[in-house]
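Asks: Could you have a look at this structure, given as structure tokens, before my questions?
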Amino acid sequence: MLSDLQNLMELQVADKEILRLKEEVAALPKRVAVIEEKLAATKTKLEKAKTAAKADEAARKKYETTIQDLQSKISKYRDQSLDVKTNEQYKALMHEIQFAEQDIRANEDKILDLMVNAEARDKDVKAAEAELKAETAEIEKEKALARERTAEDEKQLAEWGGKRDKLRAGVDADTLRHYERVMKFRGSGLSEVRDQKCMACRVMLRPQTYNDVRAGNRIIECESCQRILYFNPENEATIERTNFTTKRRARPKLDSQQAWFYHPAYGEIGEAFLAFVNGSTNSTRRVYELHTGRQLGDIVEREGSFRLAFPEDLNGVIRLNGNWDEEEINGWGAELPMVVLDALTSDLAAARAESRHSSHAAAAEAASTGHPAAS
């Protein structure tokens, strides 16, 4: 793998960790602020409870003072009644005494109501005081933890910042600028490729692009999301095993008039797709470059079916699924359509996975029986 790509992969880990730490540092004061808001609400609740209790106490004292004044009036009226000369004056004083006594009873009833409420008021005050005490202890604990966490995060930020600077220095300047630009807008500058897809935007890659990423010889960008692509062969192997176990590959029909093959080393071309079409008496052969799908050379026609006419081309090949009308094939011109190239490439990957699975199974059986696996 390119050193630039390896450094970028480690840089993305550092960037994400730095972002996480910064978010955590920023979130801690907000978390404390939420608790302080709750604490302020509890303080307000306590103040209201105390204010209500004080108001009740003031009202009770007012009623008691009123009762004392009324009792003084009654005593005065009784003294005056001893000195009156007429019956009318005496009756008038008795009426005043009765009115005063009624007022005393009314004020005593109000005092009784306040005394009944006083117990509830006292409970409210004590509950608010207990809640305030608990929340005060909690916020002090949260503040202490926030200070410790912030100090630890800032220490880690400094360490990751140092690592990040070293990694940035090890990346080509143009590549680094592209990575940081994409990182800024998309949240990540790199994406893994699995099963011929960019895992960030889920877009299928062209076969040539996919193979270039697998080779890891140069920086490749996703045409869809512009992230820099990298390949992890361990993850790809897992996918291939999963694909094999969950979906069986269709078998090419042996008696088909058309046959497609993968050739690993076709002359000077190297990896290629071979297409054979049987006619009534003759057969044709077309050769396509594996990665680009470009047709190489002319269409060759020979007498007989393709197995008899082109036996030299069928050594070491892998039979693939593919069946298109010859008229359609002629319409493709000098290059396979992308959908056809993708289908052939995908079937080739399935065939390889199937072959590996069969080899592993044969080796396991040979190991269990003590007999060598057939070659």
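Asks: Does the range 9-64 come out rounded, prolate or oblate, given a ≥ b ≥ c as the square roots of the eigenvalues of its C-alpha gyration tensor, rounded meaning a/c under 1.5 and, failing that, prolate meaning a/b above b/c?
Replies: prolate
Asks: Ok, one more. Which distance in Å, rounded to a whole number, links the C-alpha centroids of the range 296-341 and the range 103-125?
Replies: 103
Asks: Helix-only mean residue ellipticity at 222 nm, the chain, DSSP H runs n ≥ 4 weighted -39,500 (n - 2.57), per residue, nearest 500. What is it?
Replies: My calculation for the chain gives -23000 deg cm²/dmol from helical runs alone.
Asks: Using the charge dipole of the chain (Lys, Arg: +1 at Cβ; Asp, Glu: -1 at Cβ; taken about the Cα centre), state which of ALA49, GLN257, VAL182 has its Cα farthest towards the positive end.
Replies: ALA49
Asks: I'd like the orientation of helix 3-81 relative to the chain: the angle between its Cα long axis and the longest Cα principal axis, in ° from 0 to 90, rounded to 10.
Replies: Taking the Cα atoms of the chain, the angle to 3-81 is about 10 degrees.
Asks: Something else: Kindly write out, for the range 132-137 in residue order, the coupling ³J(HN,Hα) from the Karplus curve 6.51 cos²θ - 1.76 cosθ + 1.60 (θ = phi - 60°), rounded to whole Hz, with x marking Gly and Pro.
Replies: Whole-Hz 3J(HN,Hα) from phi for the range 132-137: 5, 4, 5, 5, 5, 5.
Asks: Figure the gain on full extension for GLU24 and GLN102 (residue separation times 0.36 nm, minus the Cα-Cα span) and round it to one decimal in nm.
Replies: Contour length minus the Cα-Cα distance gives 21.1 nm.
Asks: Between GLN68 and HIS95, what FRET efficiency follows from the Cβ-Cβ distance if R0 is 22 Å, with the result rounded to 0.05?
Replies: Computed FRET efficiency for GLN68 and HIS95: 0.55.
Asks: Then there is this: Enumerate the calculated ³J(HN,Hα) couplings along the range 275-291 in order (Karplus 6.51 cos²θ - 1.76 cosθ + 1.60, θ = phi - 60°), each rounded to whole Hz, writing x wherever the residue is Gly or Pro.
Replies: Once rounded to whole Hz, the list reads 10, 10, 10, 8, x, 5, 10, 10, 9, 10, 9, 10, 10, 10, 5, 4, 7.
Asks: Roughly how big is the chain's charge dipole about its Cα centre, with Cβ charges of +1 (Lys, Arg) and -1 (Asp, Glu), in debye to the nearest 20?
Replies: 840
Asks: Relative to the longest principal Cα axis of the chain, at what angle does helix 233-246 sit, 0 to 90 degrees, rounded to 10?
Replies: Approximately 90 degrees, to the nearest 10.
Asks: Would you work out which of ASN235, VAL125, VAL193 lies farthest towards the positive end of the dipole of the chain? Charges go on Cβ: Lys and Arg +1, Asp and Glu -1.
Replies: VAL125
Asks: Enter the angle in degrees (range 0 to 90, nearest 10) between the Cα long axis of helix 338-369 and the first principal axis of the Cα atoms of the chain, meaning the one along which they spread out most.
Replies: 90
Asks: Could you tell me which label, among [x] 21.1, 69; [y] 46.0, 158; [z] 38.9, 124, carries the value of Rg and Dmax of the Cα atoms in Å calculated for this structure?
Replies: The calculated read-out lines up with [y].
Asks: Of the candidates THR86, THR345, THR281, which one comes out as most mobile in a Gaussian network treatment of the chain with C-alpha springs shorter than 10 Å?
Replies: THR86
Asks: Return, ordered by residue number, the residues of the range 118-142 whose backbone nitrogen is under 17 Å from a label point located 7 Å along Cα→Cβ of LYS54.
Replies: Of the residues in the range 118-142, 121-122, 124-126, 128-129 have backbone N under 17 Å from the label point off LYS54.
Asks: Compute the distance from the alpha-carbon center of the range 272-289 to that of the range 158-192, in whole Å.
Replies: 49
Asks: Related question: I need the shape label for the range 3-167. Rule: rounded when a/c is under 1.5, else prolate if a/b > b/c, else oblate, with a, b, c from the alpha carbon gyration tensor.
Replies: prolate
Here, each number is a calculation from the coordinates, and none is a lab measurement. Since this is a predicted model, take the numbers as computed values, not measurements. All Cβ positions, glycine included, derive from the backbone under ideal geometry; neighbour counts span all protein chains shown.
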